[in-house]
Structure formats: C-alpha cells, structure tokens
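The values are calculated or read from the model by the stated rules, or taken from the named source; none is laboratory data. Note that the structure is predicted; figures quoted are calculated from it, not measured. Positions of Cβ are backbone-derived with ideal geometry, glycine not excepted, and every protein chain shown enters the neighbour counts. Remember, those area values only see protein heavy atoms, side chains included, never the ligands or the DNA or RNA. Shrake-Rupley method; radii C 1.70, N 1.55, O 1.52, S 1.80 Å.
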Amino acid sequence: MGYENIDNEELLHLSLEAIGSARDADALDMLKTLVERDPGHLHAQYLLASQHAQIGLLDRAEDGFRAAAGLAPTSFPMPRFQLGQLLLLKEQRGEAIEVLTPLLDETTALGCYAYAMVALANGDTPGAIRSLRQGIQEPQPISELANDMKRLLSRLELPEPDSTVDDTGVASLLLSNYSRH
C-alpha cells in the first residue's frame, strides 16, 4: 500500500492504530514513511525507536531515541528516559547516567524513575527501590510505565541478601513499548 494520498497527521494516527493492534510490520512501514517525509517529526522518530526496541533492534532503537531526544522539548521527556534505559540495558552505565541526569529535576513519577535508573547504574539497589516506591506514589500519566516500574520494584525486592539484580532479569522491564496502549 502506498501512502502518497495520506498526509502526515493521518499517517501518524494510522501508525498508532497499528501499534495498538500489535501490527508491528504495518506500524514500522508507516513510521518509516513518515520519518522519510519529515525527519524532524518528533513523535514519528520516537515511535519508530520504540518499535525497534520492541522487536529487539537495539542499535536502531538507540539511534532513534537519540534523534527523538534531540528533537524533544523538555515537556516531552520520554525519548530521553527510554534512551537512558536502553543505555543501561547495554551496560553503558556512564552514558546512561549522563542522559538521565536532566530528568532528575522532574518532580514527577518520571523523575523518580530516572533516579531509580541512575541508582541501578551506580549499583545502588536500595536507592533504586526507594526511588521506585516514591515514583509509584506519584500520579501516573503513563500506566504502562508505572506497571513496568512496579514489576521492576518487585524484582528488586526479592529476598536475596546482599545480591544485586542481574541485568538480564531487569532487561525485559526496561524497554517496554508504552505506546501500545
């Protein structure tokens, strides 16, 4: 199907429907078309990066989150947060901290979650637990993110003395596709 008769707003809307219906190939096709038309389209860049993360193409996801974070105003911090999560997943802890640091000023659940990711990057599991608990108490604008952070908190609270959480155990929780819902 060609998209030449569909404008950018329509294409974005249709791609969101495809994401919500778990039609990943359709969503990728539409988002790639939209990014080709308008490389500065923040939401298309972000959603394309999220789709790449969802299907396991982490290098492409990283490039996309970097592009989206560069385009995003401070009022839309999710690309930066997800880039930080991805870098943490890839064990690029120093860079993850650098990317997440601007979010630490947020007085929202996302700011608390950023603190938790930084704490994990620093090997501070108790600090991550405290920050996650605090974030979960805040209003939750993205319920899927809150659910992931609750699952991460449960995993971190496992009663294993003096243990750190294995990165592979946390990995599945760090890169959810919040746009699915």
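Angle of helix 24-37 to the longest C-alpha principal axis of the chain, folded into 0 to 90 degrees and rounded to 10: 70°.
Between the helical axis of 78-89 and the dominant principal axis of the chain, each derived from Cα atoms, what acute angle in degrees is found, rounded to the nearest 10? Its long axis makes an angle of about 60 degrees.
In whole percent, how big is the carbon plus sulfur part of the accessible area of region 63-118, probe 1.4 Å, protein atoms only? Of the solvent-accessible surface of region 63-118, carbon and sulfur hold 52 percent. At a probe radius of 1.4 angstrom, the accessible area of the chain per residue rounds to 50 square angstrom. Which of these values of Rg and Dmax of the Cα atoms in Å was calculated from the structure shown: (1) 16.7, 60; (2) 17.3, 51; (3) 19.8, 66? Structure-derived value, by its label: (1).
Across region 52-102, Cα-Cα pairs more than 12 Å apart make up 59 percent of the total. With the charge dipole of region 55-127 set up from +1 on Lys and Arg Cβ and -1 on Asp and Glu Cβ about the Cα centre, the Cα lying farthest toward the positive end among the listed residues Ala69, Tyr113, Thr101 is that of Ala69. Each Lys and Arg Cβ is given +1 and each Asp and Glu Cβ -1; about its Cα centre, the chain then shows a dipole of about 360 debye. The C-alpha atoms of the chain define a longest principal axis, and helix 8-20 lies at about 50 degrees to it.
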